[in-house]
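Input: a single structure, listed below in structure tokens.
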Amino acid sequence: MRFEDALFNWLQIKVVSNARLDDQAAQETLSFFEQILSEDHGLSDYSIIRTDDTMIHVKYTKEGRSKLQLYPRELGEQLLTDIESNPKYN
């Protein structure tokens, strides 16, 4: 999986897992993407450091260097929106 895809997928499931603490599937999926980021892409740290009106700020460390990636908030929260709008999951 490409790094950009793995980081974005991690972001979306992190948003879901933060909002749905009792959702075991979300927690397991989060662990899966954390493993990909660590093992396949060499990230030692990654977190959402800020969310403002329009962007989600993700900071990560790769090869000892900290980097910042910004994602449109609407895209980062899309999976959560989709889950919450589906009665099957509520």
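The values are calculated or read from the model by the stated rules, or taken from the named source; none is laboratory data. Quick caveat: nothing in here was measured; it's all calculated off a predicted structure. Every residue, glycine as well, gets a Cβ built from its backbone with ideal geometry; the counts of neighbours run over all protein chains shown. Accessible surface areas use protein heavy atoms only, side chains included; no ligands, DNA or RNA. Shrake-Rupley method; radii C 1.70, N 1.55, O 1.52, S 1.80 Å.
For region 10-26, a residue qualifies if it is surrounded by fewer than 19 Cβ atoms within 10 Å (Cβ to Cβ) and over 19 Å from N86 (Cβ atoms), but none of them does. Taken together, the residues in region 31-65 that are touching a strand residue (DSSP E or B) at 6+ places or on another chain (Cβ under 6 Å), open to solvent by 70 Å² or more (accessible area, probe 1.4 Å) and of a type outside the set (A, V, I, L, M) amount to 4.
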